[in-house]
Each structure stands twice: as C-alpha cells, then as structure tokens.
Amino acid sequence: MFISQKKLIRTSSKIKQSVMNIRQYQQDEVKALIKRATQSVEPDSYSPEQQEHLENVIPEMNLKFAEKDRYFYFVAVEDGEIIGLAGFQRENGTLAGIFVEPEHMGEGIGSRLLEKIEDKAKEEGLNEMESLASLEAVEFYRKNGYEIVDERDQDIEGEEIGVKVMVKTL
C-alpha cells in the first residue's frame, strides 16, 4: 500500500523528478529520524528541561509503540531515504506522533502521512482520531481539520508536559 507524490527539484540548471512513497513501517528504520525531528523543535512553550526530556524519551517511546501490533506506523520515503514517520493506536485512534526530517518540513509530508493514517483508521472501523498535540503542533493539526477539546499536562515518561487534546471526526 503506497501513496506516491512526485516533486520537481531544481538543481543548478537541471530539473530532476523525485518521487515520495508512503509505506508501512519496518522495524528499526526510524530512530535517528525521530531524534532529529524532536531536536529540531525550538519551543517557546516548554522549559529547556522539558525539551531535553522530550528529546531523550520520544524516540525510544515511539519505537516501543511501533513494535506493538496494536499500532500502525507509516514512513515517507524519497529517493530511498526515510524522510517522515507517523503512527496511531488502532484500538482508539490516538496518534502516536508525526515526525518529518527538519529539511523537509513545510513540504506537505506530515499532512500526507496524516491522511494515510486517517485512511487506515477508517479501514479499521474508527470514526474519530485524537492527538495529544505538543504546543508547537497545534497549528499543524488545526490546518488538517482537528479541533481542541481539552488541554492538560500529560505524564510523558515521568515528566509533566503541556498538551492540547485535539480530535477530528473521520
């Protein structure tokens, strides 16, 4: 199951065509990407200690999720390189995270991954998705049709981190 997106890249005076595919995650292929994506966030909403904690625990936490059968993860691959990752818990539609290589942010990759997740959730019989959105990700989810229904401090591996609970009806 792939989603392809063609992209034209201008290199010097040449134009080359690049294709992005979205496919199901395979074990052990994304830890470095999650770490880079997490480290690239420069939040105004979290303390330096909270940000450091997130950088340290989010990669391992998502790898543990990805290895469980109750989660679906997808990767975006361009020219043989993984440039994005997203997953959700299949029983309840809770997003486990969306990560995009910092140099590819703003290219629509996160939205394409989210679309793939939402399609898979519908296939699984879910009618709603939920995100415990980091404060920096709220605008991304809003642009993709999610609404804030609550805000709270969430225990993320022993550290209380502020999140917005956002939902979307599928």
inquiry  = Just the residues that are touching a Lys or Arg at 6+ places or on another chain (Cβ under 9 Å), surrounded by 13 or more Cβ atoms within 10 Å (Cβ to Cβ) and closer than 21 Å to residue 118 by Cα, please, taken from the range 135-162.
reply    = 137, 138, 141, 144, 145, 146, 148
query = Of all residues in the range 74-99, which are open to solvent by 10 Å² or more (accessible area, probe 1.4 Å) and closer than 21 Å to residue 165 by Cα?
reply = 89, 90, 91, 92, 94, 95, 96, 97, 98, 99
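The values are calculated or read from the model by the stated rules, or taken from the named source; none is laboratory data. Since this is a predicted model, take the numbers as computed values, not measurements. Cβ atoms come from the backbone with ideal geometry, glycine included; neighbour counts cover every protein chain shown. Note: accessible area is taken over every heavy atom of the protein model, side chains too, but ligands, DNA and RNA are not part of it. Shrake-Rupley method; radii C 1.70, N 1.55, O 1.52, S 1.80 Å.
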